Amino acid sequence: MHHETAERLRTALQRRGMKPVELAEQTGIPRSAISQYLAGKYVPKQDKLYLLSRALRVEVLWLMGLSEQMNAENKKSSNTGNDKLEETGESYHGGEGGQQRGRVMEFTVEDNDMACSGILKGDRVSIEKGPVEPGGIAAVSERGTIYLRRVYSVGGQIFLKADCPGAVSVPYEKNHKKIKIIGKAVQCCRDIR
């Protein structure tokens, strides 16, 4: 992963016509750290990956080597209806941590598992009940706890994964009895302090 991230950082810098010193200034990351990332000595942590992706206008997952889609604005879905995650089992009725208004509910994020997607602990996320396509962010409920996971489709199988380096993919089919899909994340709000 060190080499992949370093290579993709160099590619993004070149395509944006940006120098490492400019990237350091835009992100607030020390120049020495940027140099170490570019040399492949270290992989940026979640918060730094997010800052780098914002400054370079690239997808965090692409920067990490987990996606071939470099730019968010170029995303296209090539999914058939079979690749969508549908809500299974009992429907979700608000419960712990969530407020429901019709087909949309809101909850407060309690971890930094999706920090690479810019969703941080304390953010309020609106969830629209319904299918979630691969590449989307799903709100899932497990034993009364709500959390967010990115949806992936690999070889016809659906996986759920936190957007952070080293996160483990969870095969949905094997865990569908204990993990309930609520819907897709459609909006994130953050208080400014």
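The values are calculated or read from the model by the stated rules, or taken from the named source; none is laboratory data. Given the structure is predicted, the values throughout are model-derived calculations rather than measurements. Cβ placement follows ideal geometry from the backbone for every residue including glycine, while neighbour counts extend to all protein chains displayed.
What to note about this one:
- Region 20-37, residues that are in a helix (DSSP H, G or I) and crowded, with 17+ Cβ neighbours inside 10 Å: Leu23, Ala24, Thr27, Ile34, Tyr37
- Being at pLDDT below 85, over 27 Å from Lys48 (Cα atoms) and part of a strand (DSSP E or B) is a description that applies to Ile158.
- Top-ranked residue of region 150-180 - restricted to ones that are touching a residue at least 40 places away in the same chain (Cβ under 8 Å) and over 15 Å from Gly135 (Cα atoms), ranked as surrounded by the fewest Cβ atoms within 10 Å (Cβ to Cβ): Lys177
- Condition met for Leu23 (touching a helix residue (DSSP H, G or I) at 6+ places or on another chain (Cβ under 7 Å) and at pLDDT 85 or above): yes
- Candidates Asn74, Asn79 - the one that is in contact with a Pro (Cβ under 7 Å, 6 or more places away or on another chain), farther than 18 Å from Glu128 by Cα, at pLDDT below 80 and not acidic (Asp, Glu): Asn79
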